[in-house]
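These notes are about the structure you will find just below.
The values are calculated or read from the model by the stated rules, or taken from the named source; none is laboratory data. Please read all numbers here as calculations on a predicted model, not as lab measurements. Virtual Cβ from ideal backbone geometry, glycine too; neighbours counted across all protein chains shown. Ligands, DNA and RNA are excluded from the accessible area calculation, which covers all protein heavy atoms including side chains. Shrake-Rupley method; radii C 1.70, N 1.55, O 1.52, S 1.80 Å.
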Amino acid sequence: MPAEAKADTKNARPAPGGGTPAASSGTAHTRPHSMSHTASPPLTERQEARRRRILHASAQLASRGGFDAVQMREVAESSQVALGTLYRYFPSKVHLLVATMQDQLEHMHGTLRKKPPAGDTAAERVAETLMRAFRALQREPHLADAMVRALTFADRSVSPEVDQVSRQTTVIILDAMELDDPTPAQLSAVRVIEHTWHSALITWLSGRASIAQVKIDIETVCRLIDLTGPDAR
């Protein structure tokens, strides 16, 4: 891990309203209904507005200059919060950028719900959904790079935020599948699809894969859905 990322994940401070919740062991085995940490009390309206400003400032800075452009002092100034307050919400830049990715995915999910995928099969709908999400990230390559780098740098202290990203991605995929009660086999397929999607982002951002190759990989892995469906033998 680069020294810069290590420094950003050290000396973590408690989140507003309580301590950092324990990390979960992986993707939930039931459909997640909430993206919030149950271990911390809900934010007040004022705290939530402050958090929204922080995430917006983070995304704006990352969009302009990528990972290195997101400096905590500049985020604090842009969002009009004290630096100490910023650290109470997000103990490091890595925590902040992973939370930014979860926020971006949540916005994508809202857009996808307004215009659901039109594929005839679950595999087609998931592939279309993930490619639409991918293209949204493609329009903001610096932001996408910053968020993916943060996920790559994340250590155990960032596990709750990483789990939020995983849960949000799971919800997006299950919505596309039109599935409310997934079986263990279907959840396993979803996890493999998630891993492939994130890997495709990394290889595209590093210039090692074209958009056409990403589309092929996504469509290929989504066929796992057909192998885990109720009619699979």
Out of all the residues in the range 112-125, which are assigned to a helix (DSSP H, G or I) and either free of Cβ contacts under 8 Å to residues at least 24 places away in the same chain or under 16 Å from Leu224 (Cα atoms) (or both)? Lys114, Ala122, Ala123, Glu124, Arg125
Could you please find all residues in the range 126-142 being within 12 Å of the chain's Cα centre (by Cα) and under 17 Å from Val70 (Cβ atoms)? Leu137
Run down Thr228, Thr152, Thr220, Thr170 and say which single residue is at pLDDT 95 or above and either farther than 26 Å from Val98 by Cα or out of contact with any Pro (no Cβ under 6 Å at 6 or more places or on another chain) (or both). Thr220
Go through (1) farther than 22 Å from His107 by Cβ; (2) modelled with pLDDT of 95 or more and name the single condition Ala185 misses. (2)
When you look at Asp103, is it of a type in the set (Asp, Glu) and open to solvent by less than 20 Å² (accessible area, probe 1.4 Å), yes or no? yes
By residue number, the members of the range 74-95 that are part of a helix (DSSP H, G or I) and either out of contact with any helix residue (DSSP H, G or I) (no Cβ under 9 Å at 6 or more places or on another chain) or not aliphatic (A, V, I, L, M) (or both) are Glu74, Glu77, Ser78, Ser79, Gly84, Thr85, Tyr87, Arg88, Tyr89, Lys93, His95
Whichever residue in the range 34-88 is among the hydroxyl-bearing types (Ser, Thr, Tyr), closer than 21 Å to Ala154 by Cα and modelled with pLDDT of 95 or more and, among such residues, is most open to solvent (accessible area, probe 1.4 Å): Tyr87
